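First comes the structure, then the notes that go with it.
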Amino acid sequence: MKAFEISDDVYWVGVVDWDVRDFHGYKTPYGTSYNAYVVRDRKTAIIDTVYYRFSEEYLSRIGDVTPFENVDYVIVNHIEYDHSSALPYLMERVDAEILCTQRAKNVIEKVYSDKWDITVVKTGDELSLGTRTLRFIEAPLVHWPDTMFTYLVEDEILFPNDAFGQHIASSVRYSDELTGIDVFDEAGKYYANIVMVYSPQVRKVLEVLESQIDGIRMIAPSHGMIWRKDIEKIIQLYRDWSGGVAEKKVVIVYDTMWGNTEKMVRNVSAGLEAEGIEYGIYRLKESDWSFIMKEIMLSRGLIVGTPTLNREVYPSVSGFLTYMKGLKPIGKIASAIGSYGWSGEAVRKVEEILKEAGMEVVESNLRFRYTPSEEELEKCEEFGRRFAEKIKES
Ligand code: FEO
């Protein structure tokens, strides 16, 4: 794959990671890319690096578009390792000034080197490359404290690092050229698992962006496809996702030991169905949690089914709830159900976790011993109907 010109003298020099299937716990069935860019002018700037395992490929791609001695600046938008760990390899080849936020500088000096020439930039600061200008916009916690966006003013290209990204490996670079994968779905999954926890900061940055930039012709993130069409659509989706906009549908996550909690789940879902509410059911032991998180983000309701095991929540359920709680989905109506044998603490414990996660908990009182009877299964369906009403009213 060659360096790719996305605008006059602006090149993609990233790498495509076709093989990664687990990105620190996030399932990546389509792989990913680590995108970096070169802007050539009277001065030349490199925007971001890549994961160090791909350093040689990255450097070779840079070498295709500029001699290393011509590189004047290296912009570090974010110091997570997938974007910064090739920095030492790049700095061996160039005599360049690094520009980044103060927090990024602190990390670079601790992790990589305190010998480099680093200039700290703030929101609104600009760097002239000759005929063109880079403007910097701090984006703290979108999604790390050090993060910033870089805007190429004259070309109206936003380089927002992780924001607006998707984990997709592809031979094409633009979202509108991609086939076989729904890029908006993947952007949503990425948002739910990487960015959602910082939704308040996303809303702030979207406001700051409006004051700092005149227009966007292209969004060039650090993962996946570059947006040159649907710019307003993806920004509006970020507004919706960060604002908790969701559809009136329900996600049911559960696990089961001997099929009894599963029976309860099926009957609750029959109640939802009877009321015309769309739902999805996911057995946690066998499902992709990253996908489920996207579905939870897009749904108003959540029902959790858990057996009680040794007086605790079933491990696959408690593991998922820990993951979910950390990601802070907002505006959810939730409930818990489950089968048990002796003491049956798990349902109450799940309700407490859902409350701690800031959800509006509808108490189900659905906690049945051993195999649920026909009458108990009827209660499950009735609960499904009541839960559906709550969703309709929300
Ligand atoms: Fe793609 Fe926060 O790293």
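What to note about this one:
- Check on Glu376, acidic (Asp, Glu) and closer than 17 Å to Val250 by Cα: no
- Subset of the range 35-72 that is surrounded by fewer than 22 Cβ atoms within 10 Å (Cβ to Cβ) and touching a Gly at 6+ places or on another chain (Cβ under 7 Å) - its residue that is nearest to Phe4 (Cα to Cα): Asp41
- Summed over the range 251-268, the residues that are of a type in the set (A, V, I, L, M, F, W, C) and either farther than 14 Å from Ala336 by Cα or part of a helix (DSSP H, G or I) (or both) give a count of 5.
- The residues on offer are Asp240, Asp230, and the sole one that is without any contact (Cβ under 8 Å) to a residue 40 or more places away in the chain, more than 16 Å from the ligand (Cβ to nearest atom) and over 17 Å from Phe387 (Cα atoms) is Asp240.
- Candidates Met359, Met297, filtered to the one that is at pLDDT 95 or above, within 20 Å of Val197 (Cβ to Cβ), among the aliphatic types (A, V, I, L, M) and crowded, with 23+ Cβ neighbours inside 10 Å: Met297
- Those residues of the range 109-146 which are hydroxyl-bearing (Ser, Thr, Tyr) and either under 24 Å from the mean Cα position of the chain (by Cα) or not assigned by TED's automatic domain parsing to the domain that holds Asp182 (or both), in sequence order: Thr123
- Inclusion of Val251 among residues that are touching a Ser or Thr at 6+ places or on another chain (Cβ under 8 Å) and β-branched (Val, Ile, Thr) is warranted.
- In the range 68-81, the residues that are more than 19 Å from Val120 (Cβ to Cβ) and assigned by TED's automatic domain parsing to the domain that holds Asp9 form Cβ pairs under 8 Å with partners that are hydroxyl-bearing (Ser, Thr, Tyr) and within 15 Å of the ligand (Cβ to nearest atom), at six or more places apart or across chains, as follows: Tyr81/Tyr51; Tyr81/Tyr52.
- Filter result (closer than 20 Å to Phe4 by Cβ, of a type outside the set (Val, Ile, Thr) and in a loop (DSSP other than H, G, I, E, B)) within the range 189-221: Arg217, Ala220, Pro221
- Every pair of residues 6+ apart whose Cβ atoms lie under 6 Å, when the first sits in the range 209-222 and is touching a residue at least 60 places away in the same chain (Cβ under 8 Å) and of a type in the set (A, V, I, L, M) while the second is more than 16 Å from the ligand (Cβ to nearest atom) and assigned to a loop (DSSP other than H, G, I, E, B): Ile216/Glu156; Met218/Arg228
- Inclusion of Ala169 among residues that are in contact with a Gly (Cβ under 9 Å, 6 or more places away or on another chain) and either assigned to a loop (DSSP other than H, G, I, E, B) or in contact (Cβ under 8 Å) with a residue 40 or more places away in the chain (or both) is warranted.
- Residues located in the range 69-89, provided they are touching a helix residue (DSSP H, G or I) at 6+ places or on another chain (Cβ under 7 Å) and more than 16 Å from the ligand (Cβ to nearest atom): Val74, Tyr89
The rows are residues; the columns are (1) among the polar types (S, T, N, Q); (2) modelled with pLDDT of 95 or more.
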{"position": "Asp214", "(1), (2)": "no, no"}
{"position": "Met218", "(1), (2)": "no, yes"}
{"position": "Ser222", "(1), (2)": "yes, yes"}
{"position": "Trp227", "(1), (2)": "no, yes"}
{"position": "Asp240", "(1), (2)": "no, yes"}
{"position": "Lys248", "(1), (2)": "no, yes"}
{"position": "Gly259", "(1), (2)": "no, yes"}
{"position": "Ser269", "(1), (2)": "yes, yes"}
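Yes or no, residue by residue, for (1) more than 16 Å from the ligand (Cβ to nearest atom); (2) surrounded by fewer than 24 Cβ atoms within 10 Å (Cβ to Cβ); (3) outside the structural domain of Arg132 (by TED's automatic domain parsing); (4) under 27 Å from Ala246 (Cβ atoms):
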{"residue": "Met148", "(1), (2), (3), (4)": "no, no, no, no"}
{"residue": "Glu156", "(1), (2), (3), (4)": "yes, yes, no, no"}
{"residue": "Asn161", "(1), (2), (3), (4)": "no, no, no, yes"}
{"residue": "Ala169", "(1), (2), (3), (4)": "no, yes, no, no"}
{"residue": "Arg173", "(1), (2), (3), (4)": "yes, yes, no, no"}
{"residue": "Glu177", "(1), (2), (3), (4)": "yes, yes, no, no"}
{"residue": "Lys204", "(1), (2), (3), (4)": "yes, yes, no, yes"}
{"residue": "Ala220", "(1), (2), (3), (4)": "no, no, no, no"}
{"residue": "His223", "(1), (2), (3), (4)": "no, no, no, yes"}
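- Residue check for Glu186: in a helix (DSSP H, G or I), of a type in the set (D, E, K, R) and more than 23 Å from Glu232 (Cβ to Cβ): no
- Residues of the range 108-143 satisfying the condition of being assigned to a loop (DSSP other than H, G, I, E, B) and buried (at least 19 other Cβ atoms within 10 Å of the Cβ): Val121, Leu129, Arg132, Ala139, Val142, His143
- Residue in the range 362-386 that is farthest from Val268 (Cα to Cα), counting only those that are among the aromatic types (Phe, Trp, Tyr) and more than 34 Å from the chain's Cα centre (by Cα): Tyr370
The values are calculated or read from the model by the stated rules, or taken from the named source; none is laboratory data. These figures come from a predicted structure and were not determined experimentally. For neighbour counting, all protein chains shown are included, and Cβ atoms are generated from backbone atoms with ideal geometry for every residue, glycine included.
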